[in-house]
Amino acid sequence: MAGKFKRKNRSPRAVGAKVQTPLPMTAEEMRNRGWDEVDVVFVTGDAYVDHPSFAAAILTRVLEREGYRVGVLSQPDWHNCEDWKRLGKPRLFFAISAGNMDSMVNHYTANKKVRNDDAYSPGGKIGLRPDRATKAYCQRAREAYKSVPVIAGGVEASLRRLAHYDYWSDTVRRSILLDAKADMIAYGMGEEAIVEIANRLSAGQTVKQLRDMRGIAYACGASEPVPEGDEVITIPSFEKIKEDKRAFARATQLIHGETNPHNARNICQYHGQQAVICTPPRLPVTEKQLDGYYDLPYSRRPHPAYKEPIPAYEMIKNSITIMRGCFGGCSFCSITLHQGRIVQSRTEESILREIRELTADPEFKKTVSDLGGPTANMYRMHCTRPEIQSRCRRLSCIHPAICKLLDTSHDRLIELMRNSRKTKGIKKVFVASGVRTDLAHLSPEYMDELVRHHVGGYLKVAPEHTDPRTLHLMHKPCIADFLKFSEAFRKSSKKAGKQQFLIPYFIASHPGSTIEAMIDLALFLKKNDYHPEQVQDFIPAPMDIATCMYYTGLDPASGEKVYVAKHNRDRKYQRALMQYFKPENYFLVRQALLKAGRRDLIGAHEGALIPANPPADAVAYRHNDIEQVNRFSGKGKRVSSGYRPGRKTHKRQDRRRRNRDV
């Protein structure tokens, strides 16, 4: 078959290769491999890092294992299509991804201000990818080679595959499939999908013939037949959900009800005369398949073309992924929609093999930075009744209570943790991924093992809030569960002879969270002597249940109204209350307390949150606020303050700033 390697060379590791070079990013690198063309051009909004924590690395290596020639187009210049021609016309298709994150989440804070850095870019530089990168990349690929199929994937495409609310434009947008003019979206984890697409296109099939695949979204033309029958569910149209918030809530509930791959149906949503069809999610991969992805010969380094460090790589380069998926079903989290709610775990042998490979790296410092995944202690947990699982439509296996059919044993994880730290050349193995508290304290042995050997002084956990109503809407356990875990953690630390601390994460401005609820949270933080250094401010990501609540003011499950802090002032109050102890927040906290009728929390008495008179540094901060906003960096350049260089409006905004400064 033209363009494919011989089958015997499908796995470089099988022939004893120790260090694998990354896949080509330039025509010169192609020629050095003896290639005159590539089968697939993989376009990504991230820097190209050949490490299994990066989706681009796994997907391209999986294609390489199957014998395909793959070129990587990393952070191309989207202003024209010249970069899309750099590797020549791909024989099969363009694979398009915005990167490991949605580009809008990557670019903007919850306040819609431009972030000062991009962890997935060399040197942390901003501006190396566009807003709505999937749309821009697909359009440029189409412009470069009109006859080449364009397949979109990744988190951004997955979470925008149907009509959705877009926080940054404050509008309901249609499926990204239509705006990007892609031939198809492969949503979810893409290893099996991208290989099936390559195999079938290579065998001579057309993109339209791929519509029987699982885990894809495609658009039917106005004159094409639309799937019908019992295996198809039609949700409210784009036009309907745009004008009717109850229809939006209904569509959200229906979409999330079709996330179990064992019983999910095709979803049909009309956009005018066109119908967007989402086929059922792909079935969970087997242990053998998952091991196969991580056993591939990664160089575990950024492409050598980069001269500056890539922050995301520096953080995860010595981490080990042990599982994927999450059955928690948190309403503000996108993991279920992308990775699935059925946990898929690697075998212990595969994980230990990767750890041993780390020890062979002369730059490795004998410490595994994280042994985890989306939730560190869900490893190998599963439903004990597959015949019931195939019919189940629960969105969470642990909310409002832990399902009695869920195997919550930590035994296999404990064994893995013990064997990982016994590996020759390993000094320490940390667990840095979030730990699910309501599962962890079910196993005192796990708690002791975790605290004694795998915590580096601090452990991250996510109780998220204290308010029962808000926690119910989040699909999180009550705060009493966190307190129970906290006490178990304290006792285990004392037993181990260690002084260790929890770092609890809380969210401000989540739907349901009122000022009164945030005041209660602030009092909880004070009582327990927690001083959060950073505030998690709720960001409505596309397709999440919490995003539906934010936009509609309705709980899609019950139809009941939900309070939403939408005004900027209310969001500022909630952020400030979480850090009530900071001088710069004094006046905001005072205003929030007075607004809520809680003057009793202002004063010098023990139960007060803030003093009656503002501290001197709070006053100084207030007077210097303008200077701080307009501060200059050490090199005399203005710090980014809410606009992206290169936009059509940036000159006008520069002019406005100059006039203001005068």
Item to check | Residue under evaluation residue 482, criteria (1) over 29 Å from residue 560 (Cβ atoms); (2) crowded, with 21+ Cβ neighbours inside 10 Å, criterion not met | outcome: (1)
Item to check | Count - residues of region 90-116 that are of a type outside the set (A, V, I, L, M, F, W, C) and over 26 Å from residue 569 (Cβ atoms) | outcome: 8
Checklist entry - Is it the case that region 15-34 has a residue that's modelled with pLDDT under 95, touching a helix residue (DSSP H, G or I) at 6+ places or on another chain (Cβ under 9 Å), outside any loop (DSSP other than H, G, I, E, B) and not acidic (Asp, Glu)? => result yes
Next on the checklist: Whether any residue in region 489-499 is among the aromatic types (Phe, Trp, Tyr), over 20 Å from residue 598 (Cα atoms) and within 25 Å of the chain's Cα centre (by Cα) is what I want to check.
Outcome noted: no
Checklist entry - So, of the residues in region 603-642 that are assigned to a helix (DSSP H, G or I) and modelled with pLDDT under 80, which turns out to be most open to solvent (accessible area, probe 1.4 Å)? => result 623
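Does region 254-271 contain at least one residue that is within 30 Å of residue 550 (Cβ to Cβ) and open to solvent by 40 Å² or more (accessible area, probe 1.4 Å)?
Yes; the residues of region 254-271 include at least one that is within 30 Å of residue 550 (Cβ to Cβ) and open to solvent by 40 Å² or more (accessible area, probe 1.4 Å).
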Next on the checklist: Step by step: first the residues of region 119-128, then only those that are in contact with a helix residue (DSSP H, G or I) (Cβ under 6 Å, 6 or more places away or on another chain) and in a loop (DSSP other than H, G, I, E, B), then the one that is nearest to residue 200 (Cα to Cα). Which residue is that?
Outcome noted: 120
Checklist entry - Given the conditions (1) open to solvent by 20 Å² or more (accessible area, probe 1.4 Å); (2) without any contact (Cβ under 8 Å) to a residue 60 or more places away in the chain; (3) part of a loop (DSSP other than H, G, I, E, B), which single one is not true for residue 565? => result (1)
Checklist entry - Take the residues of region 486-511 that are out of contact with any Phe, Trp or Tyr (no Cβ under 6 Å at 6 or more places or on another chain) and assigned to a loop (DSSP other than H, G, I, E, B): which is surrounded by the most Cβ atoms within 10 Å (Cβ to Cβ)? => result 500
Checklist entry - Being open to solvent by less than 10 Å² (accessible area, probe 1.4 Å) and not in a helix (DSSP H, G or I), is that true of even one residue in region 131-147? => result no
Checklist entry - Do you know which residues across region 73-105 are touching a residue at least 60 places away in the same chain (Cβ under 8 Å) and either polar (S, T, N, Q) or in a strand (DSSP E or B) (or both)? => result 74, 80, 93, 95, 96, 97, 100
Checklist entry - Just one of the numbered conditions (1) under 16 Å from the mean Cα position of the chain (by Cα); (2) surrounded by fewer than 20 Cβ atoms within 10 Å (Cβ to Cβ) is not true of residue 325; which one? => result (2)
Checklist entry - In region 181-265, which strands (runs of 3 or more DSSP E) lie fully inside it and hold 2 or more residues that are touching a residue at least 12 places away in the same chain (Cβ under 8 Å) and small (Gly, Ala, Ser)? => result 216-220
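Do we have residue 572 as of a type outside the set (Ser, Thr, Tyr), under 25 Å from residue 330 (Cβ atoms), within 28 Å of the chain's Cα centre (by Cα) and crowded, with 16+ Cβ neighbours inside 10 Å here?
Yes; evaluated as a whole, the condition is true for this residue.
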Checklist entry - Pick from 517, 541: which is open to solvent by 10 Å² or more (accessible area, probe 1.4 Å) and modelled with pLDDT of 95 or more? => result 541
Item to check | Residue selected from region 425-479 under the condition under 30 Å from residue 564 (Cβ atoms) and in a strand (DSSP E or B), by the criterion most open to solvent (accessible area, probe 1.4 Å) | outcome: 460
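Have a look at 396, 409 and point out the one that is free of Cβ contacts under 8 Å to residues at least 40 places away in the same chain, part of a loop (DSSP other than H, G, I, E, B) and polar (S, T, N, Q).
Among 396, 409, only 409 is free of Cβ contacts under 8 Å to residues at least 40 places away in the same chain, part of a loop (DSSP other than H, G, I, E, B) and polar (S, T, N, Q).
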Next on the checklist: Would you confirm whether or not region 216-239 contains a residue that is under 25 Å from residue 96 (Cβ atoms), in contact with a Lys or Arg (Cβ under 6 Å, 6 or more places away or on another chain) and of a type outside the set (A, V, I, L, M, F, W, C)?
Outcome noted: yes
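Considering only region 384-398, state which residues are of a type outside the set (S, T, N, Q) and open to solvent by less than 30 Å² (accessible area, probe 1.4 Å).
In the first step, residues of region 384-398 are kept if they are of a type outside the set (S, T, N, Q); the result is 385-388, 391-395, 397-398.
If the condition is that a residue be of a type outside the set (S, T, N, Q) and open to solvent by less than 30 Å² (accessible area, probe 1.4 Å), then 398 is the only one that fits.
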Item to check | Hits in region 443-485 - residues which are farther than 30 Å from residue 253 by Cβ, among the aliphatic types (A, V, I, L, M) and either touching a Phe, Trp or Tyr at 6+ places or on another chain (Cβ under 9 Å) or touching a residue at least 12 places away in the same chain (Cβ under 8 Å) (or both) | outcome: 447, 450, 451, 455, 459
Checklist outcome for this item: Residue hits (region 32-62; more than 16 Å from residue 95 (Cα to Cα) and among the small types (Gly, Ala, Ser)) are 34, 53
Checklist entry - So which residues in region 340-382 are small (Gly, Ala, Ser) and part of a loop (DSSP other than H, G, I, E, B)? => result 340, 360, 369, 373, 376
Checklist outcome for this item: With the first residue restricted to region 113-136 and required to be over 20 Å from residue 96 (Cβ atoms), and the second required to be outside any loop (DSSP other than H, G, I, E, B) and open to solvent by 40 Å² or more (accessible area, probe 1.4 Å), Cβ contacts under 8 Å at 6 or more apart or on different chains are 117/311; 119/311; 119/315; 124/311
Checklist entry - What's the number of the condition residue 280 fails, among (1) in a helix (DSSP H, G or I); (2) of a type outside the set (D, E, K, R); (3) closer than 23 Å to residue 174 by Cα? => result (1)
Checklist outcome for this item: Per the filter on region 172-201, residues closer than 18 Å to residue 145 by Cα, of a type outside the set (A, V, I, L, M) and crowded, with 20+ Cβ neighbours inside 10 Å are 183
Checklist entry - Out of region 272-295, which residues are within 23 Å of the chain's Cα centre (by Cα), among the aliphatic types (A, V, I, L, M) and open to solvent by less than 20 Å² (accessible area, probe 1.4 Å)? => result 290
Checklist outcome for this item: Within region 320-339, of all residues that are touching a Leu at 6+ places or on another chain (Cβ under 8 Å) and not in a helix (DSSP H, G or I), the one farthest from residue 359 (Cα to Cα) is 331
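The values are calculated or read from the model by the stated rules, or taken from the named source; none is laboratory data. All of these numbers come straight from a predicted model, not from anything done at the bench. Note that each Cβ is placed from the backbone with ideal geometry, even for glycine, and that neighbours are counted across all protein chains shown. For the accessible areas, the whole protein counts, side chains as well, though only heavy atoms, and no ligand, DNA or RNA atoms are used. Shrake-Rupley method; radii C 1.70, N 1.55, O 1.52, S 1.80 Å.
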